[in-house]
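> Handing you this structure, nothing more for now.
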Amino acid sequence: MTEFDLPVAWTPSEESIRDANITRQMERYGIKSYEAFLRRSVDDPDWFWRAFFEDAGFVWKTPYRQTLDLIDGKPWAKWFAGGALNWTESALDRHIAAGNGNSTALVWEGEEGATRRYTYAELLGETNRLANGLIELGVQKGDRVGLFLPFCPEVAIALLAISRIGAIALPLFSGFGHEPLEVRMNDAEAKVLFVADGTHRRGKVVDMKSVADRAAANIPSLKHCIVVRRTGRSPEMTEGRDRLYEDVLSENDQFSPPAFPSDQGCMIIYTSGTTGKPKGAYHIHSGFPVKAAQDMFHLFDVKPTDTVSWLSDIGWMMGPWVIMGSLILGATLFMYDGAPDFPTPDRVWQMTDRHGISVLGLTPTLIRALMRSGEEHPQRWAMDRLRLIGSTGEPWNPEPWLWTLKNVGKGRAPIINYSGGTEISGGILGCTQLRPLKPCCFNTTNPGVDVAVLNERGERLKGEVGLLAVRNINPGMTRGFWRDPERYVETYWSQWPDLWYHGDLCLEDADGYWYILGRADDTLKIAGKRVGPAEIESALVEHPMVSEAGVIGVPDELKGQAAVAFAVLKPGAEPTPELERELIELAGQRLGKPMAPKAVKFVSDLPKTRNAKVMRRALRAAYLGEPQGDLTALENPSALEAVAALRDSQENG
């Protein structure tokens, strides 16, 4: 039995349906069913977006005169033409104006146990002081500003302040070395870099300032480094360039946010490419912040009474996403900077319980890692305020999904699976608490997004694996890659005429549940049949000795391509030829003998990004000895070294 055959595992209560944001919208506009709501969200974008802005309290300084302008074609759609806004006003000022200045806006905890708390009034004051300080430094509208910071309050404040003055934020992974910093900062011609002296990771201080110093020597556009003392050390400062964060803050905590045209840029987020050059997705004030808040409002049902957390980094889109969306909707944002299982495996569950987190976001890979420590850790904590569990980044397997529902969600909190990407500012597929859930599924398309599974000819598929496509336009879609419009059009708009090709393998079953099966460029085509690596991986982790699995396609004389699996075993399990045969047989039973891997290699770790995504492309390249492409997001290079060693021993054997 695969995840596509599993029965419903969670059913919404009458209370969760009654109190949902969507239910209230449906009642307000006289819509009789969720299906009718979805149809109207796609068929009538003018109504949908006006209703969202009004119901969420989003602020427009100048009302837009046209919801969607397609004069330049779908790839270059213009949203909310004629409107003027500053997204930070919706995230800060309007809450104070509504009398909610004393409500908690942000709570932060560091790995070492330090905590900080900001009300909306305090967060606005600090943001204004930094905005004034940046202007005093000479930062102007349109200037690019790098954020090389851990997930601490200063990164949220900097993101807000940069947008508030009309500059463009450049989020950067806090684990980067100097080379990826140089590449991104130089591509954006960034003028300013925020950097921390360091951060805490598994009880050790990780230096960040020296990394930035090494990169700065090769960034001609860089004028200022603003140094945040996260670890309390005294970093080496370069005279004339470096300033401490507290010295940049102005005494003046008043700032009137200017209104910008709806297409004013606010952020460039780089995503790894298969080549050495990352892609810079360009986002605007009426794009990424709007889509983040809308997805939170409709799928995650976020309300001002919620405390929202996503285990993230500012360099992953979920970092800016959770900051923007939570604050725009007036919720409390909880940020954590550190390892999620340090110093004990129940760190995340402790924080969820202690801080009253009601919406918790994580990844399936993190769950698989935490499962190894046993279910007693989440069971120790009531987490009684937790009502929704968010998940994104990669496909689930049934066992960890069910484990999470039982032990973390206590059977009551549903798993809101969510999939989209940096280039679309959020989700394409998601889940709603208005519908039942099957394990690993998406039970809805995102409101406002028209989705289909297509074959290569653009014909719609149901019950078959195909390619995920978006048939309409939504405001979150990137306004192109930074200074590379041809690559943007080639990547998303060249597969089919006027359809957004997202690059994911997907299946829609007969009951209307959706499943993401991995990236299309990870697809295996075995004996002419397309199969997603996640399908084989899911079968392998059913074995009681297997903790994680990664599957790649390799050339095969008979089948054209065959699968090779890499398995991480649970503590105490031993790799043996007998176990390899068992796993191959298990996959064959689940998927059919032709789909079974021709070999299973046992490894201690899989190559992953800092946000716990398995880098199958890198796994394949290491095993086959191919060029690696961009590895800047990789956290554990030793995993690839071990895979390459397997290849070498095989060749020499």
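> All but one of (1) surrounded by fewer than 18 Cβ atoms within 10 Å (Cβ to Cβ); (2) in contact with a Leu (Cβ under 7 Å, 6 or more places away or on another chain) hold for Leu92; which doesn't?
(1)
> Restricting the first residue to the stretch 131-158 and requiring it to be farther than 17 Å from Val195 by Cα, which pairs with a second residue that is at pLDDT below 95 meet a Cβ separation below 8 Å and a spacing of at least six or different chains?
Final answer for the pair search is none.
> Please work out if Gly588 is out of contact with any Gly (no Cβ under 7 Å at 6 or more places or on another chain), free of Cβ contacts under 8 Å to residues at least 12 places away in the same chain and under 10 Å from Ile536 (Cα atoms).
Yes; evaluated as a whole, the condition is true for this residue.
> So, one more: Is it true that some residue in the stretch 163-171 is farther than 14 Å from Met185 by Cβ, in a helix (DSSP H, G or I), open to solvent by less than 10 Å² (accessible area, probe 1.4 Å) and out of contact with any strand residue (DSSP E or B) (no Cβ under 7 Å at 6 or more places or on another chain)?
Yes, there is a match, as at least one residue in the stretch 163-171 is farther than 14 Å from Met185 by Cβ, in a helix (DSSP H, G or I), open to solvent by less than 10 Å² (accessible area, probe 1.4 Å) and out of contact with any strand residue (DSSP E or B) (no Cβ under 7 Å at 6 or more places or on another chain).
> Out of the residues in the stretch 313-354 that are among the β-branched types (Val, Ile, Thr) and not in a helix (DSSP H, G or I), which is nearest to Ser286 (Cα to Cα)?
Ile314
> Looking at the stretch 429-452, can you tell me whether even one residue there is open to solvent by 10 Å² or more (accessible area, probe 1.4 Å), outside any loop (DSSP other than H, G, I, E, B) and under 16 Å from Gln495 (Cα atoms)?
So far as the stretch 429-452 goes, no, none of its residues is open to solvent by 10 Å² or more (accessible area, probe 1.4 Å), outside any loop (DSSP other than H, G, I, E, B) and under 16 Å from Gln495 (Cα atoms).
> For the list (1) of a type in the set (A, V, I, L, M); (2) touching a residue at least 24 places away in the same chain (Cβ under 8 Å); (3) farther than 26 Å from Gly142 by Cβ, I need the number of the one condition that Met237 fails.
Failed condition: (2).
> Closer than 23 Å to Ile416 by Cα, at pLDDT 95 or above, out of contact with any Lys or Arg (no Cβ under 9 Å at 6 or more places or on another chain) and among the aromatic types (Phe, Trp, Tyr): does that describe Phe48?
So Phe48 fails the test.
> For the stretch 50-138, give me every one of the strands (runs of 3 or more DSSP E) that falls completely inside it and has 1 or more residues that are among the aliphatic types (A, V, I, L, M) and farther than 30 Å from His224 by Cα.
66-69, 78-81
> Further question on the same structure: Looking at Arg368, is it touching a strand residue (DSSP E or B) at 6+ places or on another chain (Cβ under 8 Å) and of a type in the set (Lys, Arg)?
Criteria met by Arg368.
> Can Ala121 be described as touching a Gly at 6+ places or on another chain (Cβ under 8 Å), open to solvent by 30 Å² or more (accessible area, probe 1.4 Å) and of a type in the set (A, V, I, L, M)?
yes
> Sticking with this structure for a sec: What number of residues in the stretch 306-360 are among the small types (Gly, Ala, Ser) and more than 21 Å from Tyr118 (Cα to Cα)? Walk me through it before giving the result.
Narrowing the stretch 306-360 to residues among the small types (Gly, Ala, Ser): 309, 312, 315, 319, 325-326, 330-331, 338-339, 356, 358.
Those still in the list that are more than 21 Å from Tyr118 (Cα to Cα) too: 315, 339.
So the answer is 2.
> Of all residues in the stretch 25-45, count the ones that are under 21 Å from Leu329 (Cα atoms) and not aromatic (Phe, Trp, Tyr).
Total meeting the criteria: 6.
> When the residues of the stretch 244-256 are filtered to those that are touching a residue at least 40 places away in the same chain (Cβ under 8 Å) and charged (D, E, K, R), which remaining residue is least open to solvent (accessible area, probe 1.4 Å)?
Of the residues in the stretch 244-256, the ones touching a residue at least 40 places away in the same chain (Cβ under 8 Å) are 245, 248-255.
Checking the rest, the ones that are also charged (D, E, K, R) come to 251, 253.
On the way: Glu251: 165, Asp253: 69 Å².
Ranking the candidates gives Asp253 first.
> For the stretch 260-278, indicate whether the set of residues that are of a type in the set (Asp, Glu) and over 26 Å from the mean Cα position of the chain (by Cα) is non-empty.
no
> Go through the stretch 355-411 and give me each residue that's touching an Asp or Glu at 6+ places or on another chain (Cβ under 9 Å), closer than 30 Å to Arg617 by Cβ and assigned to a helix (DSSP H, G or I).
Pro364, Thr365, Leu366, Arg368, Ala369, Leu370, Met371, Pro398, Glu399, Trp401, Trp403
> List every residue pair whose Cβ atoms lie under 7 Å apart, where the two residues are 6 or more positions apart in sequence or sit on different chains, the first residue falls within the stretch 399-412 and is under 16 Å from Met351 (Cα atoms), and the second residue, located anywhere, is open to solvent by less than 10 Å² (accessible area, probe 1.4 Å) and assigned to a helix (DSSP H, G or I).
Every condition considered, the pairs that remain are Asn407/Pro378; Val408/Pro378.
> Now for a different question. Restricting the search to the stretch 163-193, which residues are under 21 Å from the mean Cα position of the chain (by Cα), aliphatic (A, V, I, L, M) and within 30 Å of Lys61 (Cα to Cα)?
Of everything in the stretch 163-193, those that are under 21 Å from the mean Cα position of the chain (by Cα), aliphatic (A, V, I, L, M) and within 30 Å of Lys61 (Cα to Cα) turn out to be Ile168, Ala169, Leu170.
> Given the criteria under 17 Å from Pro150 (Cβ atoms), hydroxyl-bearing (Ser, Thr, Tyr), assigned to a loop (DSSP other than H, G, I, E, B) and touching a residue at least 60 places away in the same chain (Cβ under 8 Å), does Ser286 qualify?
Taking the combined requirement at face value, the residue does not satisfy it.
> Oh, and also: Consider only pairs whose beta carbons are under 8 Å apart and that are at least six residues apart or on different chains; among these, list those whose first residue lies in the stretch 3-24 and is touching a residue at least 24 places away in the same chain (Cβ under 8 Å) and whose second residue is surrounded by fewer than 18 Cβ atoms within 10 Å (Cβ to Cβ) and part of a helix (DSSP H, G or I).
Going by the 8 Å Cβ cut-off, the qualifying pairs are Ala9/Leu402; Asn21/Asp55; Thr23/Ile17; Arg24/Asp55.
> Tell me, please, whether a residue that is among the aliphatic types (A, V, I, L, M), touching a strand residue (DSSP E or B) at 6+ places or on another chain (Cβ under 7 Å) and touching a residue at least 24 places away in the same chain (Cβ under 8 Å) can be found in the stretch 44-54.
Looking for residues that are among the aliphatic types (A, V, I, L, M), touching a strand residue (DSSP E or B) at 6+ places or on another chain (Cβ under 7 Å) and touching a residue at least 24 places away in the same chain (Cβ under 8 Å), one finds none in the stretch 44-54, hence no.
> Another question, then. Which ones in the stretch 412-422 are crowded, with 17+ Cβ neighbours inside 10 Å and either modelled with pLDDT of 95 or more or not in a strand (DSSP E or B) (or both)?
Ala413, Pro414, Ile415, Ile416, Asn417, Tyr418, Thr422
> How many residues, within the stretch 69-88, are in contact with an Asp or Glu (Cβ under 8 Å, 6 or more places away or on another chain) and either open to solvent by 40 Å² or more (accessible area, probe 1.4 Å) or among the β-branched types (Val, Ile, Thr) (or both)?
2
> Here is a follow-up. Please find, among Arg39, Arg50, the residue that is more than 27 Å from Pro257 (Cβ to Cβ), of a type outside the set (A, V, I, L, M) and either open to solvent by 80 Å² or more (accessible area, probe 1.4 Å) or in contact with a Ser or Thr (Cβ under 6 Å, 6 or more places away or on another chain) (or both). Working first, answer last.
On the way: Arg50 fails: more than 27 Å from Pro257 (Cβ to Cβ).
The conditions single out Arg39.
> A further question follows. Can we say Gly550 is in contact (Cβ under 8 Å) with a residue 40 or more places away in the chain, over 30 Å from Ala369 (Cβ atoms) and open to solvent by less than 20 Å² (accessible area, probe 1.4 Å)?
No, not satisfied.
> Next question. If I filter the stretch 309-355 down to residues being modelled with pLDDT under 95 and acidic (Asp, Glu), which single residue comes out as least open to solvent (accessible area, probe 1.4 Å)?
Asp313
> Which condition number does Asn186 fail, the rest of (1) within 15 Å of Gly338 (Cα to Cα); (2) surrounded by fewer than 24 Cβ atoms within 10 Å (Cβ to Cβ) being met?
Single failed check for Asn186: (1).
> Residues of the stretch 553-594 being on the phi > 0 side of the Ramachandran plot and open to solvent by 70 Å² or more (accessible area, probe 1.4 Å), which ones?
Quick first cut of the stretch 553-594, residues on the phi > 0 side of the Ramachandran plot only: 560, 572, 592.
Matches in the stretch 553-594: Gly572 only.
The values are calculated or read from the model by the stated rules, or taken from the named source; none is laboratory data. Nothing here was measured: the structure is a model prediction, and the numbers come from that model. Every residue, glycine as well, gets a Cβ built from its backbone with ideal geometry; the counts of neighbours run over all protein chains shown. Side chains are part of the model used for accessible areas, which takes the heavy atoms of the whole protein and leaves out ligands, DNA and RNA. Shrake-Rupley method; radii C 1.70, N 1.55, O 1.52, S 1.80 Å.
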